[in-house]
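Notes follow the structure.
A short reminder: the numbers here are calculations on the coordinates, not readings from a lab. Note that this is a predicted model, so its numbers are computed, not measured. Don't worry about glycine lacking a Cβ; one is built from the backbone with ideal geometry, like all the others, and counts go over all protein chains shown.
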Amino acid sequence: MTIQISDCSVRVVERLSDTSLLVTWSDARRGQYVDQTWILTIARKPAACALTGAPIRRDDHVFKPRCTQVHRPANHECRILASALTHLRFEAAA
């Protein structure tokens with residue numbers, strides 16, 4: 001599923017597990033990430049879902065780009081509401 005919200009384009013490529021997704025994300029200002037791993041977490045502050053535009057409240061379950069100590073992607077503050085994925089169908093991995 002590919003969604004265009006504002007200048008951002010988000011496509012959930014695959015659900016890797018209950019707690020991780022593979023996402024293709026692009027934004028004219030911040031670049032493009034292909035097959036980027038997003039992980040499940042709890043929202044710390046209000047935001048908008050990158051997939052649907054729905055409001056995100058503090059303590060909602062969300063997916064965010066995986067960051068490491070040496071790599072913090074330009075889209076590190078983007079979030080996808082976990083509840084937004086309930087209607088999506090993912091094929092089982094082979």
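Within the chain, the ratio Rg/Rh, alpha carbon atoms throughout and Rh by Kirkwood, equals 0.93.
Annotation: the residues I80, I39, I56, sorted from fewest to most other C-beta atoms within 10 Å of their own C-beta, follow the order I39, I56, I80.
Neighbour counts of other Cβ atoms within 10 Å put D7, D18 in the fewest-to-most order D18, D7. Ranking C78, T24, T52 by how far each Cα lies toward the positive end of the dipole of the chain (charges on Cβ) leaves C78 at the top.
Largest GNM mean-square fluctuation among A28, A48, A82, using the chain with Cα springs under 10 Å: A28.
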